[in-house]
Ligand code: ADP
Ligand code: MG
């Protein structure tokens, strides 16, 4: 075996691995010997000790030993071989549906057998179906396994024993050249239990847990050896984000000083007073962007907390300093709405606005692109079309991304790179833009620490005055006629309503169909109302017209798919019906419900479900009924659906964790953050190797 580090040596250097096996191994992400070391068992079975038959618990996997007392073929619905075995503590039944004569002959009374299998409650008490078994030879010692037996993630054509053998070989190599310990030995941290294991010991234990290792801890992922690896992985993730932040903040950003005159003008024509929270967050942003270190700030604010105006103030500060500002929204409707707001707020101040979405093509597009490129457009609003390569800014000072949970970190980086100095079309002075990210999905603090380690956080924790919290009802579909009556009454009284059709499949077509069916039905039942239908399959123009008509009160009831989920703002709409609400995640329900309760009149949200409701479904809807606080809802969502749902793209797309689990390991996150920060300062040399070890396949992090 040549001396080369384990992260370079390919698996093919191991005994018994030819090109064909290597291909199969690659399918499950195993290329290098180091990959094998980190290929940890899914679970373990304990074949190290014999359980007395009398002590066997149902639903456990155990080894038992006993003497065959009887063995008979039983003819029932299916022919089976039933074998009673006994030890000093009790008797139990083994049941085989597939068996042959020779097998039966050898299981004669008096014979000693050892079995391994899962105990279940059966007709005659505890039974084992098709256990593995072996005959015991009384003349020699029948050795038990001396470590717990690992069960590895595998794939077709690779047996457990094959993977076990390969992992064993990899572990042997570890004796000759130990894997490099990258976590500093002296860390100022409370994670002493987690960090009590060296990486080497943790890996050894997890591949070959000695007898007596607490299986329940392993099963829960809470064994210190597992926690050791999880901690290291989380530290690596955290570091990758901090590196990103460092790289960006090494660049120069334009120093955008506050311009009191324009700000005062802006606030005067606004028509309302900023809330204390808006003022505070706005001041934080203002301070950030007046510095020449690029701002990286996340603004969290519940739906309706008034993030847009905070964004506008930031944009204004950039523009007042002669720079461009860009605002990107995740959907066409939202982008349009921002455009309307910004036109209303900024045009009176003489600011020119450009507008770019994927649907703007040809000549119209060229006009917008030219205005963006030559700086005529001071404020640029659009969808992810702003990311495209053909878009170049003259002098981008601030980029704002709304509803961040819809975008991944890479899209964010792409917009940022529009202002990068490496880009020949970037800002003349080679500066990087400041960056502001806004999300209406409140993220529990510990989670935010980890998923957004590269960002500073501000929270708008106050709603504008005069809002009455939405009153939420949970009703079975059987009450649909009543609900329709309620819509009628409400609309006749001058209110407006949404009727949201949802499907679990992510299919625009199906969702649109469902909405069409509902809309026709409602039109029949509510002939006196003007009913609009909006869904993702409509042309952008049609969608916008519909939203305008709704906003202008020309439509009483808007039947919609989840296209209205984020950001849409029609204050007079005060009733929302959500169909199939039991199938949606809490965050999504919260977003949807946030479309009402924006005016001063009392608003209602009816969550319809089709009975029967599952326990989890009923728990979720109960939370929706009980609170309108986005932070509370996201904490619950985290509990019920896990971090993927709460973090959206960012988690599922970008933060693929192998061993750590943001929910299970949440308690470590504050210390992880502090360890990562210490390492960056005191052990900078270990940082990149650590990131490579854990995020090797996800190199963008390290390079971005
Ligand atoms: P979100 O934070 O969900 O993006 P918006 O920025 O869309 O919220 O604001 C929701 C509504 O509240 C808008 O109609 C906006 O004009 C209004 N608004 C924002 N701030 C205030 C305030 N301080 N006082 C009154 N109304 C406000
Ligand atoms: Mg918004």
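The values are calculated or read from the model by the stated rules, or taken from the named source; none is laboratory data. Computed from a prediction, not measured in an experiment: that's the story for all the values here. Please note: Cβ atoms are built from the backbone with ideal geometry, for glycine as well, and neighbour counts cover all protein chains shown.
A few comments on the model shown:
- So residue 373, is it more than 27 Å from residue 439 (Cβ to Cβ) and without any contact (Cβ under 8 Å) to a residue 60 or more places away in the chain: yes
- If you filter the range 341-358 down to residues that are away from ligand 1 (no atom under 11 Å from the Cβ) and under 24 Å from residue 591 (Cβ atoms), you find that the one that is surrounded by the most Cβ atoms within 10 Å (Cβ to Cβ) is 342.
- Residue in the range 1-13 that is closer than 29 Å to residue 226 by Cα, in contact (Cβ under 8 Å) with a residue 40 or more places away in the chain and out of contact with any strand residue (DSSP E or B) (no Cβ under 8 Å at 6 or more places or on another chain) present: yes
- Restricted to the range 187-203, and to residues there that are surrounded by fewer than 18 Cβ atoms within 10 Å (Cβ to Cβ) and assigned to a helix (DSSP H, G or I), the residue that is modelled with the lowest pLDDT is 196.
- Exclusive hit being under 29 Å from residue 628 (Cβ atoms) and modelled with pLDDT of 95 or more, set 317, 300, 279: 279
- Filtering 278, 249, 269 for residues that are closer than 30 Å to residue 685 by Cβ and touching a residue at least 12 places away in the same chain (Cβ under 8 Å) leaves a single hit, 249.
- When the range 327-375 is limited to residues that are touching a helix residue (DSSP H, G or I) at 6+ places or on another chain (Cβ under 8 Å), assigned to a helix (DSSP H, G or I) and within 13 Å of ligand 2 (Cβ to nearest atom), the one that is nearest to residue 262 (Cα to Cα) turns out to be 342.
- Scanning the range 551-576 for residues that are part of a loop (DSSP other than H, G, I, E, B), modelled with pLDDT of 80 or more and within 16 Å of ligand 1 (Cβ to nearest atom) gives 552, 553, 570, 571, 572.
- Number of the condition not met by residue 247 [criteria: (1) surrounded by fewer than 21 Cβ atoms within 10 Å (Cβ to Cβ); (2) away from ligand 2 (no atom under 16 Å from the Cβ); (3) over 28 Å from the mean Cα position of the chain (by Cα)]: (3)
- Pairing residues of the range 436-464 that are more than 21 Å from residue 595 (Cα to Cα) and touching a residue at least 12 places away in the same chain (Cβ under 8 Å) with residues that are in a strand (DSSP E or B) and within 11 Å of ligand 1 (Cβ to nearest atom), at Cβ distances under 6 Å and at least 6 apart in sequence or on separate chains, gives 458/299.
- Of the residues making up the range 149-173, those that are crowded, with 18+ Cβ neighbours inside 10 Å and touching a helix residue (DSSP H, G or I) at 6+ places or on another chain (Cβ under 7 Å) number 7.
- If you go through the range 123-138 and keep only what is within 41 Å of the chain's Cα centre (by Cα), under 13 Å from residue 82 (Cα atoms) and assigned to a strand (DSSP E or B), you end up with 128, 129.
- Candidate set from the range 294-326 (those that are more than 12 Å from ligand 2 (Cβ to nearest atom) and in a helix (DSSP H, G or I)); member that is surrounded by the fewest Cβ atoms within 10 Å (Cβ to Cβ): 320
- Members of the range 32-50 that are part of a loop (DSSP other than H, G, I, E, B) and in contact with a strand residue (DSSP E or B) (Cβ under 6 Å, 6 or more places away or on another chain): 41, 42, 47
- Looking across the range 9-19 at every residue that is at pLDDT below 90 and part of a helix (DSSP H, G or I), the one that is nearest to residue 204 (Cα to Cα) is identified as 11.
- Qualifying residue in the range 647-670 (condition: at pLDDT 85 or above, surrounded by 14 or more Cβ atoms within 10 Å (Cβ to Cβ) and within 19 Å of residue 245 (Cα to Cα)): yes
- Hey, residue 225 loosely packed, with under 14 Cβ neighbours inside 10 Å, in a helix (DSSP H, G or I) and in contact (Cβ under 8 Å) with a residue 12 or more places away in the chain or not: no
- In this structure, residue 590 qualifies as within 16 Å of ligand 2 (Cβ to nearest atom) and modelled with pLDDT of 85 or more.
- Given (1) surrounded by 18 or more Cβ atoms within 10 Å (Cβ to Cβ); (2) under 25 Å from residue 582 (Cα atoms); (3) modelled with pLDDT under 90, index of the condition residue 508 fails: (1)
- Scanning the range 533-546 for residues that are touching a strand residue (DSSP E or B) at 6+ places or on another chain (Cβ under 7 Å) and either modelled with pLDDT of 95 or more or assigned to a helix (DSSP H, G or I) (or both) turns up 543, 546.
- Residue 386 being buried (at least 24 other Cβ atoms within 10 Å of the Cβ), away from ligand 2 (no atom under 16 Å from the Cβ) and within 29 Å of the chain's Cα centre (by Cα): yes
- When the strands (runs of 3 or more DSSP E) confined to the range 436-506 are screened for residues that are more than 16 Å from ligand 1 (Cβ to nearest atom), those reaching at least 3 such residues are found at 471-476, 496-500.
- Scope the range 470-493; condition exposed (fewer than 12 other Cβ atoms within 10 Å of the Cβ) and in contact (Cβ under 8 Å) with a residue 40 or more places away in the chain; matching residues: 478
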